[in-house]
Amino acid sequence: MTGPATTRETLSFGAFSLVANERLLTRDGVEVELGGRTLDLLLRLVARPNEPVGKRELMAAIWPDVTVGDGSLRFHMAKLRKALGDGRDGARYITTLSGRGYCFVAPIARAGSPAAAQIPVIGNLPSRPALVGREDELADVVDLIARERLVTIIGPGGVGKTRLAIAGAQRSAADYPDGVWLIDLAPLSDPSLVVSAVATALDFGRGEKELSAAVVVSAIRGLRLLLILDNCEHLVGAAAELADVLLQGVPGLTLLATSQESLRLDRERVYRLDPLALPPANAIDVATYGAVALFAQRALTADRRFEMTQANAMVVAEICRRLDGVPLSLEMAAARAPSLGLEGLRASLDARLQLLSTGVRTSAARHQTLRNAVEWSVGLLDETERVVFRRLGVFSGSFTLEAAMAILACGRMDSWTVAEALAGLVDKSLVALETPEPARYRLLETLRLYAREMLRASGEWDSLAESHTRHLCEVFAPAREALETTPVPVWQSAYLPELDNLRAALEWTLADPARFDPAIELTASAGFVWFESGLIEEGRRFISRALELLDEQTPPSRAALILNDAATLSRYSDYHEALRLYGRSAAIFRELGDDLSLAKATIYISFIQLISKGRPEDAASIATAREVLSASGHKRSLCLAMILLGTIATREGNIAEAIDDFRSASELARQLKDRQSEHVAVDNLALLEFTRGDVERAIQLSREAVHGSRNLLQRDRIPRSLHNLAAYLLAADRLDEARPVAEEALSLFRGQADTVHELGSLQMWSLIAALEGRPSEAARLIGWVDAAYERAGGPRNPWEQRSYERLLSLLRARLTEVELSALAAEGARWDENEAMNFAFDRIVHIRAGGSA
């Protein structure tokens, strides 16, 4: 044992010097007063330079006996940064890692020796790179080690169990004066050698005739130790037996195990380690996610020229998602980035089992290639589990227990054997429980590729793919009918998780003419799902391939459904084609006497005719269709019919009738939790209330519509709703409220190809300029708007016309006809960018009186 050192250790960074044990910070020799909590924060950060320190860990260390919120930490962090001058003149000391914590990044020079050196850490823990993206998990494990005597970290191979265990043990070492020891069981194949491995690591037992758990207990009884039993999965029984004896016989012992499955002991606390956090597809700042941070760090290690940029961030994020955020896979992929480039790496990931390796000679054999890692895990399965694992390769994406039991049970294996084996695969971390309620399972993508390899080699691929397709036909058979009466979120949770499986099944059926019958059946059952999920182009590709298969042998009912769905997927891009396809499907429904399906087709045809031609060709058929839909209880289609009827009534000037129709549509949409249809109905109701003079009611409804459009996250709807709300506020002479709403609308229109609404928005800003007493700016801008309307060849709608007449009245009160004409002619010569820049620079960003 060594006593405290007598010399001081001084840490220097920039102009600062810090003597930790004296709690003394100086700048150029002058003491810097920080205060206790702020100094504690600095000490914690400099103790782990260039390593992320999680917020939760900092708060627990600095306020150990007090519960505080993030605000306290942010306050002291701001105070510390101010004292250090962080960010001034290019000086950088502390960086914020969004969602992860903080990191001290300034270079640190050390002088002297530690002034408060403790007893050296006893043990055999190896040096490992700092954890990346695991701040919360590390804090969890350290907390568990402090409270529990047996903690088992479980997870799939390569997820980082060993590194987390070592980091947690290092962080906890001060609590174990007799040492922290790592016992790696991976090289062992004989369960009887587990005891010997522990004795060897602790350096006792030489000369013993027979080593046993009792001998180990006798040797370490009375000591305070932390033992890591690493890689227990292939010797889980022997490891569990030894752990149980040791915990009973050695009160001062804590065990930390890593395994792909738990030890199943009563006193065990299981900690399931998931892959690193992945950025969702719509994420902007992807670098803050753990998987991306690890990939970027390892890629920089492999190639000092590597840099995460805005241009390559999305490619890196996709690579990380396709590798499921598994650290071993990410590190292997990052090592390949210098030779393949990011695009080449992304394109090669389907061959990852052949491609990826660490290239590090010191890595354990099972971790030197990705294939080795997977084969190690699969090699631990019994024969039944291996067969079920292999057959799970038929799924793409997630699957249910019912699907696995229905599809995988064949040969000598019944459905309950499949269920039992699946539970075992979950326990062994080879299958993940993706969602608990309703329960859905999935293989990580790398494991799925390996399982599919095994499945193809077994000769079972086609028979399993056929069962998979048949099962999906049964799954989607009731989906079309269910959509009519089931709340949209409930329907989506039931059917949209099957999209990956639907894709795979369609690709398999469409690849061989001998499979055309199941291709037709599955497309007829699920073709409409592409529209409901918003995957229009992908749906059109599949539907167009199915259309080519239709012939005289195709059952008419299925042909009609496929034609109907093809029309639906075409209706926003090609009105003529949509009408042609709807017409063909309607003719078949009529021949079949299927009045309900004919009613739906009639509504769709009428809608397209209204949009493309200004009016439906057969108004009487719409009323008939509404009666059929109402009698059938098909609320979803009836809602669409009421929106159609409301739109027709609006165009014909039947305001009261239109309000009744849209109110009915709104109520149906609320019952179905169909936010999109409800938004359309409410937006139209606001316009109708405005038209009949109830401006306050229009404003109220329009605010609901804005809120609804934001929730829908549909970029084209948000600015339109904002524009309408601003128009109603202006009509109510609430200019101060209208201004920010109109500004947001115009900003959003600027990025969209929506000429009609952009013109309306610029006209609104011309009116705002006139109301604020700037007639010259208003006249120039409306000159461009008038010219643009003339070039477009379309008139203003009645509501825009009313606003236009108000604007002209204001301008003629302030300008002569000559002045107005000259200013308008100046604006008419602009191009679109000049008009938009003028609006922002001379009107939007400058209020009345010239204030910015």
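The values are calculated or read from the model by the stated rules, or taken from the named source; none is laboratory data. All values reported here derive from a predicted model rather than from experimental measurement. Cβ placement follows ideal geometry from the backbone for every residue including glycine, while neighbour counts extend to all protein chains displayed. These accessible areas exclude ligands, DNA and RNA; they are computed on the full protein's heavy atoms, side chains included. Shrake-Rupley method; radii C 1.70, N 1.55, O 1.52, S 1.80 Å.
A straight Cα-to-Cα reach below 20 Å connects Lys428 with the lysines Lys161, residues fewer than 8 places away in its own chain not being considered. Put a dot 7 Å past the Cα of Glu696, heading toward its Cβ, do the same for Arg750, and the two dots end up 3.6 nm apart.
Only protein atoms count toward the accessible area here, which uses a 1.4 Å probe; on the chain, the carbon and sulfur part of that area reaches 50 percent.
Net length available on complete extension from Leu808 to Gln354 is 156.2 nm, with 0.36 nm assigned per residue and the Cα-Cα distance removed. Across all directions, the average projected area of the convex hull around the alpha carbons of the stretch 433-527 is 6.8 nm². The phi-based Karplus calculation (6.51 cos²θ - 1.76 cosθ + 1.60; θ = phi - 60°) puts the 3J(HN,Hα) values of the stretch 563-576 at 4, 4, 5, 4, 5, 4, 6, 9, 5, 9, 10, 8, 4, 4 Hz, whole numbers, x for Gly and Pro. Rounded to the nearest 20 debye, the dipole magnitude of the chain is 2040 debye, with +1 charges on Lys and Arg beta carbons, -1 on Asp and Glu beta carbons, and the Cα centre as origin.
Along the axis of the charge dipole computed for the chain (Cβ charges of +1 for Lys and Arg, -1 for Asp and Glu, origin at the Cα centre), the listed residues Ala83, Leu535, Ala788 are led at the positive end by Ala83. Backbone geometry of the stretch 161-171 corresponds, through the Karplus equation with coefficients 6.51, -1.76 and 1.60 at θ = phi - 60°, to 3J(HN,Hα) couplings of 5, 5, 4, 5, 4, 5, 4, x, 5, 4, 5 Hz, x marking Gly and Pro. For the pair Asn654 and Ala439 in one chain, pulling the backbone fully straight at 0.36 nm per residue adds 72.3 nm over the alpha carbon distance. Couplings 3J(HN,Hα) of the stretch 826-840, computed from phi: 4, x, 5, 7, 6, 8, 4, 5, 5, 5, 5, 5, 4, 4, 6 Hz, in residue order, whole Hz [Karplus 6.51 cos²θ - 1.76 cosθ + 1.60, θ = phi - 60°; x for Gly and Pro]. Counting only DSSP beta bridges whose two residues both lie in the chain, roughly 55 percent are antiparallel.
Of the residues Ala214, Ala505, Cys639, the one whose Cα sits farthest towards the positive end of the charge dipole of the chain is Ala214 (charges of +1 on Lys and Arg Cβ, -1 on Asp and Glu Cβ, taken about the Cα centre). Peptides 77-87, 327-337, 650-660, 564-574 ranked from most to least packed, by the mean per-residue count of other Cβ atoms within 10 Å: 327-337, 564-574, 77-87, 650-660. Spatially, the stretch 435-461 and the stretch 159-177 are offset by 33 Å when compared through their Cα centroids. Toward the positive end of the charge dipole of the chain, with +1 on the Cβ of Lys and Arg and -1 on the Cβ of Asp and Glu, the farthest Cα among Leu762, Gly36, Gly424 is that of Gly36. Cross-link partners for Lys55 among the aspartates and glutamates, with Cα-Cα distance under 17 Å and sequence neighbours closer than 8 places in the same chain left out: Asp40, Asp65, Asp70, Glu135, Asp136, Glu137, Asp140, Asp143. Proximity of backbone amide H atoms, modeled 1.01 Å from N, is registered between Arg440 and Glu434, Thr435 at under 5 Å, excluding neighbours fewer than 5 places apart on the same chain. The residues of the chain expose on average 46 square angstrom of accessible surface per residue, using a 1.4 Å probe on protein heavy atoms. Quick one: plug the Kirkwood hydrodynamic radius of the stretch 597-751 (C-alpha pairs) into Stokes-Einstein at 10 °C, 1.306 mPa s, and report D in µm²/s. So the translational diffusion coefficient is about 98 µm²/s.
Projecting label points 7 angstrom from Cα along Cα→Cβ for His845 and Arg456 puts them 5.7 nm apart. Between Asp618 and Thr309, residue separation times 0.36 nm minus the direct Cα-Cα distance comes to 105.6 nm. Residues whose amide H falls under 5 Å from that of Thr152, counting only those 5 or more places apart or on a different chain, are Ala257, Arg269, Val270, Tyr271, with hydrogens built in the peptide plane. State the Cα centre-to-centre distance between the stretch 681-712 and the stretch 263-284 in whole Å. Between the Cα centre of the stretch 681-712 and that of the stretch 263-284, the gap is 45 Å. Given the choices [x] 245; [y] 177; [z] 226, volume of the Cα convex hull per residue in Å³ derived from the coordinates of this structure is entry [z]. Students often forget the sequence filter, so: which aspartates and glutamates lie under 16 Å Cα-Cα from Lys673 once same-chain residues fewer than 8 apart are removed? The qualifying aspartates and glutamates are Glu484, Glu532, Glu704.
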